[in-house]
1. Just wondering, is there one or more residues in the range 384-406 that are under 30 Å from Ala127 (Cβ atoms) and in a helix (DSSP H, G or I)?
2. If we keep just the residues of the range 114-159 that are touching a residue at least 60 places away in the same chain (Cβ under 8 Å) and within 9 Å of the chain's Cα centre (by Cα), which is most open to solvent (accessible area, probe 1.4 Å)?
3. May I ask you to say which residue of Ser381, Ser422, Ser340 is among the small types (Gly, Ala, Ser), over 25 Å from Lys288 (Cβ atoms) and outside any helix (DSSP H, G or I)?
4. Of the conditions (1) part of a strand (DSSP E or B); (2) closer than 16 Å to Gln286 by Cβ; (3) free of Cβ contacts under 8 Å to residues at least 40 places away in the same chain, Ile335 clears all except one; give me its number.
5. Please list, ordered by first then second residue, the pairs with beta carbon atoms under 8 Å, 6 or more apart or interchain, first in the range 1-20 and among the hydroxyl-bearing types (Ser, Thr, Tyr) and modelled with pLDDT under 95, second assigned to a helix (DSSP H, G or I) and open to solvent by 50 Å² or more (accessible area, probe 1.4 Å).
6. Scan the range 299-332 for residues that are outside any loop (DSSP other than H, G, I, E, B) and either open to solvent by 60 Å² or more (accessible area, probe 1.4 Å) or without any contact (Cβ under 8 Å) to a residue 24 or more places away in the chain (or both) and report the count.
7. Filter the range 58-75 for residues that are of a type outside the set (A, V, I, L, M, F, W, C) and under 20 Å from Pro18 (Cβ atoms) and give the result.
8. Are there any strands (runs of 3 or more DSSP E) wholly within the range 221-275 with 2 or more residues that are free of Cβ contacts under 8 Å to residues at least 24 places away in the same chain and open to solvent by 40 Å² or more (accessible area, probe 1.4 Å), and if so which?
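The values are calculated or read from the model by the stated rules, or taken from the named source; none is laboratory data. Because the structure is predicted, anything quoted here is derived from the model rather than measured. Here the Cβ positions follow ideal geometry from the backbone for every residue, glycine too, while neighbour counts run over all protein chains shown. When the accessible area is computed, the model is the full protein with side chains, heavy atoms only, and any ligands, DNA or RNA have been set aside. Shrake-Rupley method; radii C 1.70, N 1.55, O 1.52, S 1.80 Å.
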Amino acid sequence: MPLWTKQDLMSASKASDPTSNFLKNLKNIRGISIDERTINEGDLFIALIGERFDGHNFIENAISKGACGVLVSNIKIAKKYNGLFVDNTKKALINIGEFARNRFKGITIAITGSSGKTSTNYFLSNALNQFGKTHKTFGNNNNIIGLSLTLSRLPHNFDFCVLELGMNNSGEISELAKIAKPNIAVITNVSNSHIQNFKNEKEIAKAKSEIFTGLKKNGVAIINSDNIWKKFLINEAKKAKVKIHLFGHSKISNTQIIKLVDEKEGSTIFYDKKENLHLKYLNTTQAKNVIATISVIKELKLPINKITKVISNLKPLSGRGEKLIINFESNQKTIIIDDSYNANPESMKAALNNFNNLKLKLNDFETLVIIGDMLELGKSSATMHLDLVPILKKINPDLLLTVGKYLKNLNDELNLTINSHSYFTINELIK
């Protein structure tokens with residue numbers, strides 16, 4: 001089945017065909033691309049214009065790599081390459097995404113939160129694959145362009161679609177949710193990431209709760225009952241008149257975590273009184289994202305036992321607690337925990353606590369901690385970096401290396417007790 005026919009694409013994008021020769025020798029489009037470097041044969045190339053680039057400059061490359069056609073906002077280029085013409089290619093992409101969502105008859109799940117979005121998306125999409133064809137947000141495509149691109153690639157005969165919604169400012173989630181129109185909305189947690197763009201953490205909670213405004217009739221809001229903003233989020237979900245499902249340690253949870261056990265390898269979740277699930281490669285922080293996944297499966301009334309083997313064998317995504325083993329020439333085993341994807345105060349503390357748990361299991365290993373500044377924390381930056389002092393003292397690594405101006409202060413605070421060095425740039429650290 002084609003992803004897009006010419007007729008549907010023109011209808012969705014509100015485009016014209018100046019030469020009437022668009023897709024002349026082809027019946028359909030296999031994919032959508034906005035990056036000529038990763039284009040596949042049969043893709044439509046949409047020439048977006050950004051602050052630092054103009055996609056129209058890469059059309060020759062896109063065609064040479066197999067693009068079946070182009071969608072542009074320059075009438076001369078449209079005529080030259082037998083392309084479709086629109087006034088604004090970004091708006092056209094958003095229109096295509098909306099059209100794709102509206103024709104999709106499967107179940108859509110949207111995920112937001114200060115951390116854990118991408119991991120939950122990864123766990124949930126792998127779980128749903130056991131029950132039907134599942135489409136998901138790839139990489140970090142969680143803004144308006146990323147969401148529209150993800151939806152533009154959504155085959156209309158699939159069963160499930162898992163979408164990740166991100167934000168930096170108030171109002172962004174609302175805009176995304178209205179396009180995503182989820183049947184189920186998940187908020188993994190709320191913390192102070194991106195707080196420089198908000199007055200306080202309550203404003204962040206309010207911005208995250210905008211996801212409920214896009215929920216379809218009879219939709220479900222899945223909320224973390226361990227989060228300090230749970231009551232606020234529950235009230236916002238009630239305003240949207242949707243079903244509420246809580247997950248976490250709290251006794252009021254619909255999916256209750258009874259106990260999380262940190263194993264020598266991985267972790268084990270005990271939940272809902274008598275259920276348990278061993279995760280071979282995931283730590284206790286990731287286990288909470290697995291519980292969010294189980295909550296969705298329960299709300300869809302799908303059998304949990306069909307996903308346990310798949311979930312049990314999942315490994316962390318790159319940059320999110322991935323464990324890398326390196327053997328140097330001396331045959332000394334070195335373990336690198338890569339938690340470098342992103343950081344806010346909550347996720348940084350979680351990463352350091354997980355590192356400390358591993359250190360306790362491997363007490364004959366030397367330990368090295370390398371951390372970089374956390375960004376977008378506004379006026380609270382200095383304080384939030386110094387808040388890491390207790391956990392770093394607890395780890396007491398053999399060597400601590402920090403990168404950035406805020407961690408310089410932390411380094412000064414610790415270097416009497418810990419062997420530590422600070423650098424302002426990555427390149428200085430590498431040297």
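1. No, there is no match, as no residue in the range 384-406 is under 30 Å from Ala127 (Cβ atoms) and in a helix (DSSP H, G or I).
2. This residue is Tyr122.
3. Unique residue meeting the criteria: Ser422.
4. (2)
5. Correct list of pairs: empty, since none qualify.
6. Residues flagged as outside any loop (DSSP other than H, G, I, E, B) and either open to solvent by 60 Å² or more (accessible area, probe 1.4 Å) or without any contact (Cβ under 8 Å) to a residue 24 or more places away in the chain (or both) within the range 299-332 amount to 9.
7. If the condition is that a residue be of a type outside the set (A, V, I, L, M, F, W, C) and under 20 Å from Pro18 (Cβ atoms), then Glu60, Gly69, Ser73, Asn74 are the ones that fit.
8. Answer list for the range 221-275: 255-262.
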